[in-house]
Amino acid sequence: MTVTTDILELQQVSDAGAGGKAYGLSRLLAMHLPVPPGFVIRNARVGELPPDLERHYDALGAGKVAVRSSALGEDGSEASFAGQYDTVLNVQGLQALRQSIDNCAASVASERARQYQQDQSGGERVVMNVVVQCMVDARAAGVVFTADPVSARRDLLVIDAVAGLGEALVSGEATPDHYAVHDSGVVVRRQLVGDRALLTDEEIAAIASKARAAAQHEGQPLDLEWAIDQDGSLFWLQARPITTLPADPNELDSTLPRPDDVLTISNISEMMPGAVCPLTGSFTGWGIDYGLQFMQVAVGARPRIEKDWQVTAQAYGHLFLNLTGNVVMSAAVLGSSAEQTAQTLCGRIVPELKEFPPLPLWRRLLNTVKLLRFALTAPGVVDRFGEELAQFGIAHKSDPAGMWAELESRSWFFEHCMAVHIQSSALSGFLCALVENMVSGKSSQSTGEDQGEAVRLLAGASGVESALMLEQLDRLLDLVAAHPEAERAFQQASVEQALHWLQTTQPLAAQFTGFLADHGHRGYRELCMRDPAWGDDPAPLIQSMQAAVHARLVTGGHRHLHSVDIDWPALSRGLRWILPRAHNAIRRREHTKSQLVQVAHHFKQAFRHLGDLLAGAGSLPDADLVNFFTVEELPAFIASPSPAAVSRAVARRNVLPCQQHFEFAEISVGMPQPLEPRSLEMADGILHGRPASRGVVEGIVRVAHTLAEAAQLQAGEILVTPITDIGWTPYFSMIGGLVTDLGSAVSHGAVIAREYGLPCVVNTRQGTRFFQTGNRVRLDGDSGRVELLDPV
């Protein structure tokens, strides 16, 4: 069949048959956006030019034109083919135009283009079309992405601009000015190459608004090229889909009960640091919300448990605590306030947090009695739950439908367990607050020294489950370090080799097996349904043990668990009465947290088995993908698997690394927004936080955001990290002190630091951003100050 080479005006192009570039330009014209005049030569071939080429060129004024490829598939939704074919600019004259068109047509057969075609489409023959457009005498030009191609954020538009023609940007010859514009219209990022910006705020706003309108019209994020001529007129030169975007990071955001609710990453980040997979968000996130709502209903602060999240929130794949939803309690009972709620959950007063109008006095009196009963009955509730947990299990069925039915019938137990833990924590928080108030002599206004003394007294609790685990782990590490082959066979070996050696070397193997039998359900991000526990994957535990053994071999010892001596006769009568009860409550809270993790481990193993069944049945390409469905989506998918649902899950998995990079302010009013990098200011190089474990130490900083970074710790270094959980525990015997961005006196890091007698300051809010690995600091756990002594 003979293929005809002909010419269409850009406004005549109605589909992608003329190539992605030509079709994109026709779509821009249909939106009434200014596009330089031009035409497209369909089915262009070397030496075979359409007879009416000269007429169309004359219609453009016979001046300078740009000649660009518009091959089939180019600038499409699957692949961009960026830079694979030739572009010729500033072409003037008919003969030069003919030669440029031939060059474009010939480029389809270049080696670089053929290799790209092979990778993208299996080497199918590509039909070349060529676009000819009037040149724009550009003062500035560039590209705009209506979604950030790096972070995948759909609410962030990015503009790159260079002086003159945009080809220098596309080819990489010029470094552009870079702007990021939030969908509110605020320019949140300006990175300039020179002293003056290439674009005015008005030009940035015009590019952003027109580009967003184009993306909304097309129903997908776009990558557009633009130019501003010497007169200040804006022209659009190209439009194509962004081909490499994963899922929308905001796809599963929850809706706030009130638009100006105050949210925090404090407290909840200890249980679930970083971004979470959709399964964890919908299962664990809802479980936390249920438990907190259960307490509010029990004390009369809320009439019923609402299925829509009230006390937690999800944004950009991260979980948050809704402080406003928690302040519902302060309006419903006596003796509670927004300040106290903030102190309990964030370790400080939060000025943005406002009170609700109080309920009538008689209601608050009645609810206060209910609250006291709720807290004081916690011991009995915990005891009964222990009996229930002993009977609990999730059967592993042999087919996906049966497995889901089993999971669905057991899911209430996770909610129940969360409610028990929160009730236990309520009593602990109540009694610990009483201790602090009695030490300071006033409510919610204690000094750093008062807080430090209260922390010291509360650290006198013995038999705390986390401390018992530490003792067992320390004994194991001492045995490993004492073995004559420890350095070669364990500390210097790969993680896999070290694990094999530990599992096959007696008596170490028996000790290690016993440790996993007791604590194998623990691990990093313990309530995440995707992250394995130590018993399922010991590799992270082994890696941290290698660092701890190295410290023992280098220093000849390690930091031992520390017990606090309390001068009981010197305490007031009130403290002598309340302190033992607070210690009991702390032990009980740590016990119910371990129980909660144990129940979560049952469910993560069951969900993992469900993934194996779905992968075995061919419904999923791999078992891990089950973590990228929400609990609500799984029943329909199991009943009727679809490629579209699988593709959506794959896109969600691809966006998770982007979400992990997002950082948030400790406090947000309304839905949280990721932080943009900014300079920090600290008076006299001193960072203030909340004292969590007493003592003063000077040492070298090791900033670690992840366990992989923590593996580089050296003996005696001061660990600076956003937050810790049980997975960080093996490192505590080797560090000299701890500084965290988040947390309170009852956070995991604070509790373990006290067990080892480590100076600790929590809730510094920006320690990981101010300090750098290698800094020398003075950490004062008595006053909550961290002072920079020597920069890197």
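The values are calculated or read from the model by the stated rules, or taken from the named source; none is laboratory data. Given the structure is predicted, the values throughout are model-derived calculations rather than measurements. Note that each Cβ is placed from the backbone with ideal geometry, even for glycine, and that neighbours are counted across all protein chains shown. These accessible areas exclude ligands, DNA and RNA; they are computed on the full protein's heavy atoms, side chains included. Shrake-Rupley method; radii C 1.70, N 1.55, O 1.52, S 1.80 Å.
Yes/no matrix, rows are residues, columns are (1) over 32 Å from the mean Cα position of the chain (by Cα); (2) touching a residue at least 12 places away in the same chain (Cβ under 8 Å); (3) exposed (fewer than 14 other Cβ atoms within 10 Å of the Cβ); (4) more than 30 Å from A606 (Cα to Cα):
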{"residue": "A338", "(1), (2), (3), (4)": "no, yes, no, yes"}
{"residue": "R373", "(1), (2), (3), (4)": "yes, no, yes, yes"}
{"residue": "V382", "(1), (2), (3), (4)": "yes, yes, no, no"}
{"residue": "W404", "(1), (2), (3), (4)": "no, yes, no, no"}
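Quick one: is L263 in contact with a strand residue (DSSP E or B) (Cβ under 6 Å, 6 or more places away or on another chain) and either at pLDDT 95 or above or in a strand (DSSP E or B) (or both)? Don't jump to the end; show me each part of the working.
On the way: in contact with a strand residue (DSSP E or B) (Cβ under 6 Å, 6 or more places away or on another chain): yes; either at pLDDT 95 or above or in a strand (DSSP E or B) (or both): yes.
Here the answer is yes, as L263 does meet what is asked.
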Exercise for the section: Search the stretch 677-697 for residues that are modelled with pLDDT under 70 and pair each with any residue that is open to solvent by 20 Å² or more (accessible area, probe 1.4 Å) and among the polar types (S, T, N, Q) when their beta-carbon atoms are under 8 Å apart and the residues are at least 6 apart or on different chains. Expected result: L680/Q766
Practice task
Out of R576, R589, report the one residue that is charged (D, E, K, R), part of a helix (DSSP H, G or I) and either closer than 24 Å to H521 by Cα or in contact with a Leu (Cβ under 6 Å, 6 or more places away or on another chain) (or both).
Solution key: R589
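Among the residues of the stretch 310-324, are any part of a loop (DSSP other than H, G, I, E, B), at positive phi and at pLDDT below 95?
First pass over the stretch 310-324, keeping only residues part of a loop (DSSP other than H, G, I, E, B): 310-311, 316-317.
Checking which are at positive phi leaves us with 316-317.
So of that shortlist, the ones also at pLDDT below 95 come out as none.
No, there is no match, as no residue in the stretch 310-324 is part of a loop (DSSP other than H, G, I, E, B), at positive phi and at pLDDT below 95.
Residues are listed down the side, and each one gets a yes or a no for (1) over 30 Å from E406 (Cβ atoms); (2) touching a Cys at 6+ places or on another chain (Cβ under 7 Å); (3) of a type outside the set (A, V, I, L, M); (4) without any contact (Cβ under 8 Å) to a residue 12 or more places away in the chain:
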position: A623; (1), (2), (3), (4): no, no, no, no
position: V626; (1), (2), (3), (4): no, no, no, no
position: F629; (1), (2), (3), (4): no, no, yes, no
position: E633; (1), (2), (3), (4): no, no, yes, no
position: R652; (1), (2), (3), (4): no, no, yes, no
position: I667; (1), (2), (3), (4): yes, no, no, no
Exercise for the section: Could you check how many residues of the stretch 768-781 are surrounded by 24 or more Cβ atoms within 10 Å (Cβ to Cβ) and under 20 Å from T729 (Cβ atoms)? Expected result: 2
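Taking the stretch 273-325 as the region of interest, how many residues are farther than 30 Å from G611 by Cβ and open to solvent by less than 10 Å² (accessible area, probe 1.4 Å)? Before the answer, list the steps.
If we filter the stretch 273-325 for residues that are farther than 30 Å from G611 by Cβ, which is where we start, we get 295-304, 306, 310, 322-325.
Filter once more, keeping what is open to solvent by less than 10 Å² (accessible area, probe 1.4 Å): 296, 299, 322-323, 325.
Number of matching residues: 5.
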Problem - the stretch 407-432 residues that are over 18 Å from V297 (Cβ atoms), paired with ones that are among the polar types (S, T, N, Q) and part of a helix (DSSP H, G or I) (beta carbon under 7 Å, 6 or more apart) - result: G429/T344
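Which of the following residues is of a type in the set (V, I, T) and open to solvent by less than 20 Å² (accessible area, probe 1.4 Å): T264, T244, T255? Walk me through how you get there before you give the answer.
Working: T244 fails: open to solvent by less than 20 Å² (accessible area, probe 1.4 Å); T255 fails: open to solvent by less than 20 Å² (accessible area, probe 1.4 Å).
Only one candidate passes the filter, namely T264.
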Problem - Criterion (within 28 Å of the chain's Cα centre (by Cα) and part of a helix (DSSP H, G or I)) met by exactly one of T724, T773, T729 - result: T729
Problem - Residue in the stretch 480-505 that is surrounded by the most Cβ atoms within 10 Å (Cβ to Cβ), counting only those that are charged (D, E, K, R) and not in a loop (DSSP other than H, G, I, E, B) - result: E487
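Restrict the check to the stretch 281-295 and report whether at least one residue is closer than 25 Å to P635 by Cβ and assigned to a strand (DSSP E or B).
As a first pass, look at the stretch 281-295 and keep what is closer than 25 Å to P635 by Cβ: 281-291, 293-294.
When the remaining residues are screened for being assigned to a strand (DSSP E or B), the result is none.
There is no residue in the stretch 281-295 that is closer than 25 Å to P635 by Cβ and assigned to a strand (DSSP E or B).
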Practice task
Among the residues of the stretch 202-225, count how many are farther than 16 Å from R154 by Cα and modelled with pLDDT under 95.
Solution key: 1
Handout entry: Leading residue by the ranking (nearest to L245 (Cα to Cα)) among those in the stretch 147-157 that are open to solvent by 10 Å² or more (accessible area, probe 1.4 Å) and of a type outside the set (D, E, K, R)
Key = P149
Fill in the blank from the handout: L707 passes all but one of the listed conditions (1) closer than 27 Å to L675 by Cα; (2) in contact (Cβ under 8 Å) with a residue 60 or more places away in the chain; (3) out of contact with any Pro (no Cβ under 6 Å at 6 or more places or on another chain); the exception is number (3)
Handout entry: Hits in the stretch 718-733 - residues which are within 15 Å of A551 (Cβ to Cβ) and open to solvent by 10 Å² or more (accessible area, probe 1.4 Å)
Key = none
Problem - Unique residue being at pLDDT below 90, on the phi < 0 side of the Ramachandran plot and not hydroxyl-bearing (S, T, Y) when the list is A66, A96, A59, A71 - result: A71
Fill in the blank from the handout: Over the stretch 11-50, the set of residues part of a loop (DSSP other than H, G, I, E, B) and free of Cβ contacts under 8 Å to residues at least 40 places away in the same chain is V13, S14, D15, H32
Practice task
Please work out which one of (1) at pLDDT below 90; (2) crowded, with 17+ Cβ neighbours inside 10 Å; (3) under 48 Å from the mean Cα position of the chain (by Cα) is the condition G17 fails and give its number.
Solution key: (2)
Handout entry: Failed item in (1) at pLDDT 95 or above; (2) within 27 Å of T592 (Cβ to Cβ); (3) open to solvent by 60 Å² or more (accessible area, probe 1.4 Å), with S398 passing the rest
Key = (2)
Handout entry: Breaking point among (1) touching a residue at least 60 places away in the same chain (Cβ under 8 Å); (2) part of a loop (DSSP other than H, G, I, E, B); (3) open to solvent by 10 Å² or more (accessible area, probe 1.4 Å); (4) among the hydrophobic types (A, V, I, L, M, F, W, C), for A215
Key = (2)
Practice task
Can you work out which of the residues in the stretch 342-369 that are modelled with pLDDT of 85 or more, assigned to a helix (DSSP H, G or I) and open to solvent by 60 Å² or more (accessible area, probe 1.4 Å) is farthest from P259 (Cα to Cα)?
Solution key: V369
Exercise for the section: Could you check L334 against (1) surrounded by fewer than 21 Cβ atoms within 10 Å (Cβ to Cβ); (2) touching a Cys at 6+ places or on another chain (Cβ under 6 Å); (3) not aromatic (F, W, Y) and say which number it fails? Expected result: (2)
Fill in the blank from the handout: Note on A174: of the conditions (1) touching a residue at least 24 places away in the same chain (Cβ under 8 Å); (2) surrounded by fewer than 22 Cβ atoms within 10 Å (Cβ to Cβ); (3) not in a strand (DSSP E or B), unmet is (1)
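I'd like to check something: does the stretch 227-238 contain any residue that is of a type in the set (D, E), touching a strand residue (DSSP E or B) at 6+ places or on another chain (Cβ under 7 Å) and either part of a loop (DSSP other than H, G, I, E, B) or open to solvent by 20 Å² or more (accessible area, probe 1.4 Å) (or both)?
First pass over the stretch 227-238, keeping only residues of a type in the set (D, E): 229, 231.
In the following step, the residues that additionally are touching a strand residue (DSSP E or B) at 6+ places or on another chain (Cβ under 7 Å) were identified as 229.
Now restrict to residues that are either part of a loop (DSSP other than H, G, I, E, B) or open to solvent by 20 Å² or more (accessible area, probe 1.4 Å) (or both): 229.
The answer is yes; a qualifying residue exists.
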